[in-house]
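To keep things clear, I will list the structure first and then write my remarks on it.
The values are calculated or read from the model by the stated rules, or taken from the named source; none is laboratory data. Owing to the predicted nature of the structure, the values given are computational and were not obtained by experimental measurement. Reconstructed Cβ throughout: ideal geometry from the backbone, glycine too, with neighbour counts over all protein chains shown. The area values use the complete protein model at the heavy-atom level, side chains included, leaving out ligands, DNA and RNA. Shrake-Rupley method; radii C 1.70, N 1.55, O 1.52, S 1.80 Å.
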Amino acid sequence: MAERISRAFATAAQEGRPTFVAYFTAGFPTPDQTVDILLELEKGGVDVIEMGVPFTDPLADGPTVQAAHMAALEHGTDIDMCLDMVSQARARGLAVPVLFMGYYNPIMQYGEQRIIEKCAQAGVDGYIVVDLPPEEAQSFRALCAGAGLSYIPLITPSTSDARVQRLVAIADSFIYVVSRSGVTGARASMDSGLPTLLARIQKHTTLPLAVGFGVSTHEHFTDVGAMAEGVVIGSQLITTMRTAAPGTAAQAARAYAETVSGRSGSGTTLRAQPLGARVVQPAQASSNTSSLTLLPDRFGDFGGQYIPEALHDCMAELEQAYVQCKNDPAFWEEVRSFYSFMGRPSPLHAAERLTAAWGGARIFLKREDLCHTGSHKLNNAIGQALVAKRLGKTRIIAETGAGQHGVATATICAKLGLKCIIYMGSEDMRRQALNVFRIRLLGADVIPATTGSCTLKDAVNDAMRDWVTNVADTHYLVGSAIGCHPFPTMVRDFQCVIGNETKEQMHALTGRLPDAVVACVGGGSNAIGMFHPFIAEASVRLIGAEAAGDGLDTNKHSATMSRGTPGVFHGAKTYLLQDAKGQIIETHSVSAGLDYPGVGPEHSWLNATGRAEYHAVSDVQALEGFRCLTQLEGIIPALESSHAVYQAMLTAKKMSPDQHLVICISGRGDKDVNTVAEVLPKIGPQIGWDLRFEEDPTKIARRERK
């Protein structure tokens, strides 16, 4: 296993050549060709094979590898199939080492111990987990070691010398060196900084280094092989198989391998070794990779930093900067200096007609919709932009669903003179065209995400890929309380102004705390901003309203708390909408801002501990909430906020008249008017709401003039 990898590198060194490491995705182009591809790659001179385990959201990979993942998943390729493919290849004589390479969530759902036991039985020699850095991998690494499998770390150009020392200390066979910042993909030329990067690593280890990311030609192979012990090729190999005639992918892969390396495998000295049954030992945590975060990185079992290696030191830099800002009164004074620009404090007022119509508790509205740009999003955008400026970042990227975070980010970038790029799902761009135009008016670029469901999830993936590529000058201004540490904490802290103001305003208006606060929850930034200041106030109910879409009995919803299970996604452990195999499922909501398969990890903790309650509100019910607030209070709310309005109605009716309930109106609804008009013909009859004209009003006017 690990020793088989070491022998492969030793054999190549004895023969005076670099070790050839080839990557392809299991199940691509079709599952029935995978075993032949493994065998033909060996015949073509490949010394070590990395076999990608498909995942729906391979955020560290470029379009070529991502497309291979999607194709493999369409064929039903899963972990068990990958294991069977290796077993079949071993039975047919495959001798070279095989590594599994993939993302952590499918492993987590399969079970760490179970997958390592089966890898050992099938003849898998090691594992590379793109989003499982050593700090999060202590039990997994120990299981690998107990089964004789190698856990292979990655080192990138952005990895600091201090971190290089930590990574090489846990390596046992070789080290995967990412030649340049960015995602996987063939390149026209190799990075000129590669010799310096290799020299930095070689100061700390004598283990072989295998270089990947961008190698695609024989010239690349020769150049890199002169500097490092191993050369990794993936994207160009996948392209070769994709363009091959149907049924000939294995032969095309062998021909490419022979051409790019200048050799074949006919003279290999490796031989298959008896595997036998292996007992996987219980995991023993390693102290040298414990968390080094300055702030707590978890909320109970949720949170963490499940990120590609290229982002690790960047996140450490961001956390350090944020801690300095958090402890600096001058920083908060600078944030508050923008309050007049933002329209803070936002008003809190009694909704007397809602109260009278619903009965029960007295209703108050926290009017974040009256903040500049039309929502709560500017609270966080200003805070993060000021942190980014302290870091010297000149380029800001962000994701957006409903468009409000995109507008807020573009607004503060315009004010501070920062370059701004917004990623937005193409479907969200269609239904939020007004906000797309507003973003562009503010001077920012909007880049459509065209993969997956073309919604918020996919915009986050594309923003992460951009950030991995441009960490030196770019800050990713995350819009919700999601993602890896420290983002959930930062976003919460900047949004806590909502709950803190609500506390003060309720004391001023009523002399006491509210009995309940209600907010919509997608990623959950407005909700955590409202909830967090009340967590220690046991008398205050914290109520979240998530999107039930077409209903919880359908597969078209975004009800993460109601139907989700714990998993790892976009850098954090949290509740997810996923299948039993750990693949992220597509979501639906009439509100683009709630159309997301995950939720902030602090919300997951509040749900798991029972401190907050989360209820699913359907599209139909959200339209009812939209109509209530519009026609009873003269306030057109965002569709996201309409979910909270409907849930508040149900809650208030069960409370007594001497109790108080506050609804966070997180955004205004002008962005959603077109969407409401689009869905009313379907939803309107279900709630008795028909705004269609009986006939063309111009004809009526002409008739009346006659």
Can you find a residue that is in contact with an Asp or Glu (Cβ under 9 Å, 6 or more places away or on another chain) and among the aromatic types (Phe, Trp, Tyr) anywhere in the range 493-515? no
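What helices (runs of 4 or more DSSP H) completely inside the range 347-417 contain at least 2 residues that are under 21 Å from Ala463 (Cβ atoms)? So that I can check it myself, show each step before the final result.
Working: elements: 352-358, 377-390, 404-416.
Counting at least 2 such residues, we get 377-390, 404-416.
Of Asn526, Asn500, which residue is buried (at least 21 other Cβ atoms within 10 Å of the Cβ) and polar (S, T, N, Q)? Full working, then the answer.
Details: Asn500 fails: buried (at least 21 other Cβ atoms within 10 Å of the Cβ).
Matching residue, one of Asn526, Asn500: Asn526.
Quick one: would you say Ser150 is touching a residue at least 24 places away in the same chain (Cβ under 8 Å), within 25 Å of Phe569 (Cα to Cα), surrounded by fewer than 22 Cβ atoms within 10 Å (Cβ to Cβ) and not basic (Lys, Arg)? Give the derivation first.
Working: touching a residue at least 24 places away in the same chain (Cβ under 8 Å): yes; within 25 Å of Phe569 (Cα to Cα): yes; surrounded by fewer than 22 Cβ atoms within 10 Å (Cβ to Cβ): no; not basic (Lys, Arg): yes.
No; evaluated as a whole, the condition is false for this residue.
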With respect to the numbered conditions (1) open to solvent by less than 30 Å² (accessible area, probe 1.4 Å); (2) part of a helix (DSSP H, G or I); (3) out of contact with any helix residue (DSSP H, G or I) (no Cβ under 8 Å at 6 or more places or on another chain); (4) not basic (Lys, Arg), which one is the sole condition not fulfilled by Asp32? (1)
Is it true that Gly582 is touching a residue at least 12 places away in the same chain (Cβ under 8 Å), farther than 21 Å from Val491 by Cβ and open to solvent by less than 10 Å² (accessible area, probe 1.4 Å)? yes
Flagged pairs (Cβ under 8 angstrom, 6 or more apart or on separate chains; first in the range 88-106, in contact (Cβ under 8 Å) with a residue 24 or more places away in the chain; second assigned to a helix (DSSP H, G or I) and acidic (Asp, Glu)) are Leu94/Glu42; Ala95/Glu42; Val96/Glu42; Tyr104/Glu136
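Only one residue in Ala316, Ala385, Ala381, Ala310 is of a type outside the set (Val, Ile, Thr) and either within 30 Å of Gln659 (Cα to Cα) or without any contact (Cβ under 8 Å) to a residue 60 or more places away in the chain (or both), so which one is that?
On the way: Ala385 fails: either within 30 Å of Gln659 (Cα to Cα) or without any contact (Cβ under 8 Å) to a residue 60 or more places away in the chain (or both); Ala381 fails: either within 30 Å of Gln659 (Cα to Cα) or without any contact (Cβ under 8 Å) to a residue 60 or more places away in the chain (or both); Ala310 fails: either within 30 Å of Gln659 (Cα to Cα) or without any contact (Cβ under 8 Å) to a residue 60 or more places away in the chain (or both).
That would be Ala316, the only listed residue that is of a type outside the set (Val, Ile, Thr) and either within 30 Å of Gln659 (Cα to Cα) or without any contact (Cβ under 8 Å) to a residue 60 or more places away in the chain (or both).
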Within the range 150-159, is there a residue that is at pLDDT 95 or above, in contact with a Lys or Arg (Cβ under 7 Å, 6 or more places away or on another chain) and not β-branched (Val, Ile, Thr)? yes
Regarding the range 627-643, can at least one residue be identified that is of a type in the set (Lys, Arg), under 19 Å from Ser346 (Cβ atoms) and either assigned to a helix (DSSP H, G or I) or at pLDDT 95 or above (or both)? no
Which condition number in (1) over 16 Å from the mean Cα position of the chain (by Cα); (2) closer than 30 Å to Trp332 by Cβ is the one that Ile447 fails? (2)
Restricting the search to the range 428-457, which residues are touching a residue at least 60 places away in the same chain (Cβ under 8 Å) and of a type outside the set (Val, Ile, Thr)? Asp428, Arg431, Gln432, Ala433, Leu434, Asn435, Gly452, Ser453, Leu456, Lys457
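Based on this model, can you work out whether Ala145 counts as over 21 Å from Tyr23 (Cβ atoms) and either more than 28 Å from the chain's Cα centre (by Cα) or assigned to a loop (DSSP other than H, G, I, E, B) (or both)? Steps first, answer last, please.
Working: over 21 Å from Tyr23 (Cβ atoms): yes; either more than 28 Å from the chain's Cα centre (by Cα) or assigned to a loop (DSSP other than H, G, I, E, B) (or both): yes.
The answer is yes for Ala145.
With the structure loaded, tell me whether Ala71 is among the aliphatic types (A, V, I, L, M) and part of a helix (DSSP H, G or I) or whether it fails that test. Break it down stepwise before answering.
Working: among the aliphatic types (A, V, I, L, M): yes; part of a helix (DSSP H, G or I): yes.
For Ala71, the condition - among the aliphatic types (A, V, I, L, M) and part of a helix (DSSP H, G or I) - is met.
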Every listed condition ((1) over 21 Å from Thr30 (Cα atoms); (2) in contact (Cβ under 8 Å) with a residue 40 or more places away in the chain; (3) touching a helix residue (DSSP H, G or I) at 6+ places or on another chain (Cβ under 9 Å)) holds for Val65 save (1)
Name the pairs whose Cβ atoms lie under 7 Å apart, with the first residue in the range 200-228 and within 14 Å of Ser261 (Cα to Cα), the second open to solvent by 70 Å² or more (accessible area, probe 1.4 Å), and 6 or more positions between them or separate chains? His218/Thr259
Of the residues Gly52, Gly102, Gly45, which is touching a strand residue (DSSP E or B) at 6+ places or on another chain (Cβ under 9 Å), open to solvent by less than 10 Å² (accessible area, probe 1.4 Å) and farther than 30 Å from Asn461 by Cβ? Gly45
What number goes with the only condition from (1) touching a strand residue (DSSP E or B) at 6+ places or on another chain (Cβ under 6 Å); (2) part of a helix (DSSP H, G or I); (3) not hydroxyl-bearing (Ser, Thr, Tyr) that Leu623 does not pass? (1)
Scanning the range 356-366 for residues that are open to solvent by less than 30 Å² (accessible area, probe 1.4 Å) and touching a strand residue (DSSP E or B) at 6+ places or on another chain (Cβ under 6 Å) gives Ala361, Ile363, Phe364, Leu365, Lys366
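Please indicate, with yes or no, whether at least one residue in the range 533-541 is of a type in the set (Gly, Ala, Ser) and in contact (Cβ under 8 Å) with a residue 12 or more places away in the chain. Walk me through it before giving the result.
To start, the set of residues in the range 533-541 that are of a type in the set (Gly, Ala, Ser) comprises 536, 538-539.
Filter again for in contact (Cβ under 8 Å) with a residue 12 or more places away in the chain, leaving 539.
Yes - at least one qualifying residue is present in the range 533-541.
Picking from Ala137, Ala91, Ala186, which residue would you name as being at pLDDT below 95, open to solvent by 30 Å² or more (accessible area, probe 1.4 Å) and not acidic (Asp, Glu)?
Values: Ala137 fails: open to solvent by 30 Å² or more (accessible area, probe 1.4 Å); Ala91 fails: at pLDDT below 95.
Result: Ala186 is the single residue among Ala137, Ala91, Ala186 that is at pLDDT below 95, open to solvent by 30 Å² or more (accessible area, probe 1.4 Å) and not acidic (Asp, Glu).
Just one of Gly212, Gly225 is out of contact with any Gly (no Cβ under 6 Å at 6 or more places or on another chain), under 23 Å from Ala68 (Cβ atoms) and surrounded by 20 or more Cβ atoms within 10 Å (Cβ to Cβ); which is it? It would help to see each step written out before you state the result.
Working: Gly225 fails: under 23 Å from Ala68 (Cβ atoms).
The unique qualifying residue is Gly212.
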Does Phe9 satisfy the condition of being within 21 Å of Glu258 (Cβ to Cβ), open to solvent by less than 20 Å² (accessible area, probe 1.4 Å), in a strand (DSSP E or B) and aromatic (Phe, Trp, Tyr)? no
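Is it the case, given these coordinates, that Thr574 is part of a helix (DSSP H, G or I), over 12 Å from Ala559 (Cβ atoms) and of a type in the set (Ser, Thr, Tyr)? Give the derivation first.
On the way: part of a helix (DSSP H, G or I): no; over 12 Å from Ala559 (Cβ atoms): yes; of a type in the set (Ser, Thr, Tyr): yes.
Criteria not met by Thr574.
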Looking for something at pLDDT 50 or above, buried (at least 17 other Cβ atoms within 10 Å of the Cβ) and within 14 Å of Val46 (Cβ to Cβ) - is there at least one such residue anywhere in the range 268-276? no
Might you let me know whether the range 590-605 holds any residue that is under 24 Å from Leu365 (Cβ atoms), open to solvent by 10 Å² or more (accessible area, probe 1.4 Å), in contact (Cβ under 8 Å) with a residue 12 or more places away in the chain and of a type in the set (Gly, Ala, Ser)? yes
